[in-house]
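> Following this message is one structure expressed as structure tokens.
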Amino acid sequence: MRHKLLIILSFLTLTLHAQERNEYLPFGKMDSWTVRYIKESILLGGKTRALYVIAKTDTIRKNGAYPYGRNGSPWSTSNAYAKVCGVEKAAISVTPEQRGDGYCCRLETTLQTVTAVGIDLKALATGSIYTGRLLDPVTLEGIKQPMKAIDMGIPFTKRPIALILDYKALIYNDRAMVRATGSTKVTTVKGKDAGEIILFLQHRWEDEEGNIYAYRVGTASERITKSIPDWQNNHRLPVRYGDVSNLPDYKSWEKLYKNRFMARNSKGKMVPVKELGYKADVEPTHIILQISAGYHEPFTGCPGNVVWVDNIRLAY
């Protein structure tokens, strides 16, 4: 009897796996990159920098070009082209890296130094990729408040059961976090940093005044708190529908991300996406997927932390 039961359970398991299908997000294999060359202002040294964009590889773009959201790519990155008072600067924290016959995506937290008129200005940049669009070029307002420069999320109406990806990580738990906002000052901050993966399915709508509201339909999240030197292939994060207040670490990451994101409304204005609660029984309208080498507020993190990611797909 026990032998028959094991056979039945094995059959059911095989049947369930056979019924599941995986769909890559566009460019989720991380093998397609566009190189965008930015010549920085003479005031900053006049060097030409390479900004990498997850998109088709058939175009090389220059200052002033707007590659994000083109060629069917849903991805933007923390790589940024800024233009403030005529001064042009590139910030680089995301790059492709060889993996086998293709590429993966390397996300690194870097403490970047800009020398202007003999003064060293330092800013911390956390390597991150996300579904959405970075406004281009980033203006002074976007530098002071980076979330205002990101139109976060893309239209999406499906209901996946899991996020699946390959990843590995280098996390320095013995290093202090710092905060550097682009001035000459670098401040040590208490606490530790970690890589993070989040997926939010939202049902959004806009009122007559242009305010954007949302219900959270589905959630997947994970913090990468230690170094993982070997590739974790087919790593799986289940998507939980409805209320997720009983999840581990709910208070810390929910407080960090609730109402943090912004989007462009129908009037062309960037406004906060105000989440009003959880609803599992409504259709998603947007997906936010973000993978980062750190999870703290902008300009705060641990320099040297790296997360590599590849083969991003959704299971149904």
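The values are calculated or read from the model by the stated rules, or taken from the named source; none is laboratory data. Because the structure is a prediction, the values reported are computed rather than measured. FYI the Cβ positions are ideal-geometry reconstructions off the backbone, even for glycines, and counts take in every protein chain you see. Protein only, heavy atoms only, side chains kept; ligands, DNA and RNA dropped before computing areas. Shrake-Rupley method; radii C 1.70, N 1.55, O 1.52, S 1.80 Å.
> As an exercise, identify the GluC sites (Glu not before Pro) in the stretch 162-208 lying in DSSP coil whose Cβ has no more than 15 other Cβ atoms within 10 Å.
Glu208
> Residues of the stretch 184-204 with backbone nitrogen within less than 15 Å of a virtual label 7 Å along the Cα-to-Cβ line of Arg159, please, listed as ranges.
Correct set: 201-203.
> Going through the cross-link list Lys47/Lys226; Lys158/Lys274; Lys148/Lys226; Lys83/Lys185, which pairs have a Cα-Cα distance over 29 Å in this structure?
Violating the 29 Å limit, Cα to Cα: Lys47/Lys226; Lys148/Lys226.
> In nm, to one decimal, how far is the Trp205 label point from the Gln145 one, both placed 7 Å along Cα→Cβ?
Result for the modelled spin labels: 2.7 nm.
> Can you list the residues, at least 5 places off or on another chain, whose amide H is less than 5 Å from the amide H of Lys274, using H built in the peptide plane?
Amide H to amide H, under 5 Å and 5 or more residues apart or across chains, Lys274 pairs with Ile212, Tyr213, Ala214.
> Full extension from Ser41 to Ser266: what is 0.36 nm times the residue separation minus their Cα-Cα distance, to one decimal in nm?
So the chain would gain 77.6 nm between Ser41 and Ser266.
> In units of 2.2 N^0.38 Å, what is the alpha-carbon radius of gyration of the stretch 158-221?
For the stretch 158-221, the normalised Cα radius of gyration is 1.73.
> What nm value, rounded to one decimal, do you get for the distance between Asn22 and Tyr213 when each label is placed 7 Å out toward the C-beta?
For Asn22 paired with Tyr213, the spin-label model returns 3.9 nm.
> I've got another one for you. Note the full-extension length gain between Asp101 and Arg175 as 0.36 nm times their separation in residues minus their Cα-Cα distance, in nm to one decimal.
The Asp101-Arg175 span can extend by a further 23.2 nm.
> Using r as the Cβ-Cβ distance of Lys56 and Trp231, and R0 as 35 Å, what FRET efficiency do you calculate, to the nearest 0.05?
With a Förster radius of 35 Å, E is 0.85.
> Which sequence of Lys47, Lys158 reflects their accessible areas, 1.4 Å probe, from the largest down?
Reading off the accessible areas and sorting them downward yields Lys47, Lys158.
> If you don't mind, there's one more thing I want to ask. Which of Ile287, Thr219, Gly277 sits closest to the plus end of the dipole of the stretch 209-316, meaning its Cα is farthest towards the positive end, when Lys and Arg get +1 and Asp and Glu get -1 on the C-beta?
Positive-most Cα among the choices belongs to Gly277.
> Ok, one more. Straight distance only, please: which aspartates and glutamates reach the Cα of Lys269 with their own Cα at less than 15 Å, same-chain residues fewer than 8 apart left out?
Of all the aspartates and glutamates, those that pass the test against Lys269 - Cα under 15 Å, at least 8 places apart if same chain - are Asp136, Glu141, Asp151, Glu206, Asp207, Glu208, Glu209.
> Still on this structure, please answer the following. So how much accessible area does Lys89 have, in Å² to the nearest 10, using a 1.4 Å probe?
Here the residue's solvent-accessible area equals roughly 50 Å².
> How would you classify the stretch 149-307 from its alpha-carbon gyration tensor, with a ≥ b ≥ c the square roots of the eigenvalues: rounded for a/c under 1.5, else prolate if a/b is greater than b/c, otherwise oblate?
oblate
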